[in-house]
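J.: Here you go, one structure.
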Amino acid sequence: MSETPTPRRPLSPLPEKPPIPTTSPTTFVGGGLVEESFDLALARRHRNGRIFEWVCWLATWGSVLILGVLIAAMAWQAFGWLTPKFLVSMPKRNPAEAGILPGIVGTFWLILLTAILSVPLGVGAAIYLEEYAKPTLLTRFIQLNIANLAGVPSIVYGILGFTAFVRMFGLARSEYLISFGIGTFQLTLPFGRTVISGALTLALLSLPVVIIASQEALRSVPPSLRHASLALGATKWQTIRYQIIPSALPGMMTGVILAMSRAIGETAPLVAIGAATYITFTPGRIGSLSEVVTRPDKLAQVPFDSFTTIPMQIYGWINEAKPDFQHVAAAAILVLLAILLISNGLAIYIRQHFQKKIRW
Amino acid sequence: MSLIPRPASFASAANPSPTETAASPEASPLSGSHPVAANAGGANTSGGASTPLKIETRRMNFFYGSHQALFDINLRIPERAVTALIGPSGCGKSTYLRALNRMNDIIEGTRHTGDVLLDSHDIYAPNIDVVALRKRVGMVFQKSTPFPKSIFENVAYGMRIAGIRNRTFIQETVERCLQQSALWNEVKDRLKDSAMALSGGQQQRLCIARALATNPEVLLMDEPASALDPASTARIEDLIIELKQNYTIVIVTHNMQQAARISEFTAFFCQGRLVEVGLTKQLFFKPREKETEDYITGRFG
Ligand SMILES: Nc1ncnc2c1ncn2[C@@H]1O[C@H](COP(=O)(O)OP(=O)(O)OP(=O)(O)O)[C@@H](O)[C@H]1O
Ligand SMILES: [Mg+2]
């Protein structure tokens, strides 16, 4: 080589290695069989490694490609229909004027209530099962059932929700079993086709996933951590509070994020409980953001009002006869995807914040 | 004998054969009478005021499920002294150590028979609060396990959970403990860094500092110097010698020289049995049992 520095080395595959001089080919004798030489086997091992890497690459980018095609197709259909006005309008009979506002607001309230209901219950159950419950036959039975429940089709939860929350097992002969009001606040039983019925149903649906993911996260906390904490004179609760939960929190949050993303997109159980597809007001009749401040009493009515969600609106529009509604549906799908992306991004950001707090 | 300045207050092995005792009558004042009988009198009668008893196990058997890990252990651990536990791998040293602060309770399916007494109180009695017990009997594990927190918070943890809120007190204690465990100079500028970023030996010293910070009466140390270089080992040994003024220390070690350097008493375990226990000097220079001699001289197995 001359002294002149080579400015850029061409990107090339691994240079051919000079063959290792083999005076006598290395052979291994095992199980009575003479195996290939080490070099030959090594070359094959490296090749297998490369093949595996390729398969993984393909799996990743294959799914990205499919998603890309899907989004592109939707964007093509929605082009010109996804306008700012679409986001803040009520649904109309005229596709050109139709909007998605009740769906966005309904989805927001529904998921908020679902999370409030299912996260404490799910995490609490997971902590109990992992940290406190003795491994008896009963807990094993419960464990098995939770795993089974995670696989039950969501429509079944919808039917359950309809019976248990919307109709309350048909206990009411007349329209309402209980109905009482304090000021403007009205509580009626059965819940009917309201946000709270939907949230309770989706909470049931998410619970098994939240429990299983949280248990997995708790189980992955090294036992040495709890031993070290206990040996320093911590109580069981302190050990759970200061060591186990902080370590398991990112994993738990992953489970919660996945469960809530799934809940955002759920349609079948909401169809089953009879949520509206066409509705021209938002839950609690809150007309604008400022009303949250000026009329806080309306917030109390949110859980007990009728509602629709973005997937329900999409479902409704797809079933419309007018062909232009297909464009409206495509626009709504894009909105749903964007909301999923934003909420997931936000949740992952929060999770990372907690992850940084643990100094692994 | 002049070799042994003070009569021991510890128990001897479970059942030393009477013939052997008789064969070496000059071995120690202890072996002059039957060991069990000599110990029956208790620490104060046999040893005067010099070495009162801190921990005693009587006829202790220990089981992991159906697997018996300890057989009939009778051992007396004197106060303000270092007792070394030696023996081949898997002989039950760690198991014995964990029985002394009830860390074995955490392991599913374990049980024991016999008594474990701390200051003459049965620590397995129903009225004993395990949390309070573990505050009195601190432990340094065989595998160092820092918390995924900052170095400072690792050492402060024991105080915080005990409800200590005084910031200056916590700060002073953290510094003192890190200094005692020979870690201060290496970490004093990075107390806020993650403890997981420390080297294996540093982590081990951090765990020692962490155990000291709760100010226990008894310190159980399971091979605390196994990952340390000679200099750090020397610092830890100095620390142990310093600590025994105020603490009762039980240390597991595979290093015979270390046991000889720092401990007053040594117990030799083998296959779940306590083979021999005695003054360290006596056990190393004049072991009563053939097994002990073989192990110490490296002819074991
Ligand atoms: N958690 C456990 N479950 C079941 N058996 C165990 C457990 N811990 C230890 N044992 C068994 O108990 C016996 C004693 O183990 P212990 O850890 O006390 O040995 P040790 O003397 O500390 O060994 P080392 O010097 O290698 O640390 C071994 O046979 C071991 O296999
Ligand atoms: Mg051990």
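J.: Return the sequence-ordered ³J(HN,Hα) values of the stretch B:276-289 in whole Hz as given by the Karplus equation 6.51 cos²θ - 1.76 cosθ + 1.60 applied to θ = phi - 60°, using x for Gly and Pro.
T.: Per-residue couplings from phi come out as 7, 9, x, 4, 3, 4, 5, 5, 7, 9, 9, x, 7, 9 Hz.
J.: Quick one: helix A:325-357 against the long Cα principal axis of chain A, what's the angle to the nearest 10°, folded into 0 to 90?
T.: Once rounded, the angle reads 60 degrees.
J.: With loop defined by DSSP as not H, G, I, E or B, and exposure as at most 10 other Cβ atoms within 10 Å, which is the longest segment of chain A clear of exposed GluC sites (Glu not before Pro)?
T.: Values: sites that count: A:Glu3, A:Glu16, A:Glu175.
It works out to A:176-360.
J.: Considering only C-alpha atoms, what is the centroid distance from the stretch B:278-297 to the stretch A:105-139, in Å?
T.: 59
J.: Just to be sure I understand: with springs between alpha-carbon atoms less than 10 Å apart, which residue in A:Val123, A:Val88, A:Val69 has the highest mean-square fluctuation in the Gaussian network model of chain A?
T.: In the Gaussian network model the winner is A:Val69.
J.: Relative to the longest principal Cα axis of chain A, at what angle does helix A:195-219 sit, 0 to 90 degrees, rounded to 10?
T.: 20
J.: Report, in degrees rounded to the nearest 10, the 0 to 90 angle that the Cα long axis of helix A:137-149 makes with the longest principal axis of chain A.
T.: In chain A, helix A:137-149 runs at an angle near 80 degrees to the longest axis.
J.: Using a Gaussian network model of chain A with C-alpha springs under 10 Å, which one of A:Phe180, A:Phe38, A:Phe191 is most mobile by mean-square fluctuation?
T.: A:Phe38
J.: Considering amide H positions built from the backbone, and no H for Pro or chain starts, which residues 5 or more places from B:Leu85, or on another chain, come under 5 Å of its amide H?
T.: Close amide H contacts, sequence-distant or interchain: B:Ile251, B:Val252, B:Thr253, B:Ala267.
J.: Once you keep just the Cα pairs under 8 angstrom separated by 6 or more residues, what percentage relative contact order results for chain A?
T.: Details: 432 pairs, mean separation 79.9, N = 360.
Relative contact order for chain A comes out at 22 percent.
J.: Among B:Tyr157, A:Tyr132, which comes first, second and so on when ranked by fewest other beta-carbon atoms within 10 Å?
T.: Going from least to most buried by this count: A:Tyr132, B:Tyr157.
J.: Are there any trypsin sites (Lys or Arg not before Pro) in the stretch A:282-360 that are in a DSSP loop and have at most 12 other Cβ atoms within 10 Å? List them by number. Mind showing how you got there, number by number?
T.: On the way: sites: A:Arg285, A:Lys298, A:Arg351, A:Lys356, A:Lys357, A:Arg359; in loops: A:Arg359.
Answer in residue order: no site qualifies.
J.: Follow-up question, since we're still on this one. From the backbone phi of the stretch A:158-171, what are the Karplus-calculated ³J(HN,Hα) couplings (6.51 cos²θ - 1.76 cosθ + 1.60, θ = phi - 60°) in whole Hz, Gly and Pro given as x?
T.: x, 5, 4, x, 4, 5, 7, 9, 6, 9, 6, 6, x, 5
J.: A further question on this structure: What is the set of long-range amide H partners of B:Val140 at a cut-off below 5 Å, with H atoms built 1.01 Å from backbone N?
T.: The answer is B:Leu220, B:Met221, B:Asp222.
J.: Here's a follow-up. For chain A, modelled as a Gaussian network with Cα springs under 10 Å, which listed residue fluctuates most, A:Gly124, A:Gly49, A:Gly255?
T.: Highest fluctuation among the options: A:Gly49.
J.: Which links in B:Lys135/B:Lys281; A:Lys236/B:Lys244; B:Lys188/B:Lys281; A:Lys236/B:Lys93; B:Lys93/B:Lys149; B:Lys244/B:Lys290 stretch past 28 Å when you go from one Cα to the other? Intermediate results must be reported in sequence, preceding the final value.
T.: On the way: B:Lys135/B:Lys281 32 Å; A:Lys236/B:Lys244 30 Å; B:Lys188/B:Lys281 39 Å; A:Lys236/B:Lys93 26 Å; B:Lys93/B:Lys149 30 Å; B:Lys244/B:Lys290 31 Å.
Correct reply: B:Lys135/B:Lys281; A:Lys236/B:Lys244; B:Lys188/B:Lys281; B:Lys93/B:Lys149; B:Lys244/B:Lys290.
J.: Then there's this: Once Lys and Arg get +1 and Asp and Glu get -1 on their Cβ, which of A:Ile314, A:Pro223, A:Ser89 lies farthest toward the positive end of the dipole of chain A?
T.: Of the listed residues, the answer is A:Pro223.
J.: Another question, then. Among the lysines, which fall within straight-line cross-link reach of A:Lys92, defined as a Cα-Cα distance under 22 Å, with same-chain neighbours fewer than 8 residues apart omitted?
T.: A:Lys322
J.: So what J values fall out for the stretch A:268-283 if you push phi through Karplus, 6.51 cos²θ - 1.76 cosθ + 1.60 with θ = phi - 60°, rounded to Hz, Gly and Pro as x?
T.: Listing the rounded values in order: 3, x, 6, 4, 5, 7, x, 5, 6, 9, 10, 8, 10, 8, 9, x Hz.
Computed from the coordinates by the stated procedures, all read-outs in this text should not be read as laboratory data. Remember, it's a predicted structure, so these values are computed and weren't measured experimentally. As a convention, Cβ positions derive from the backbone with ideal geometry for all residues, glycine included, and neighbour counts pool all protein chains shown.
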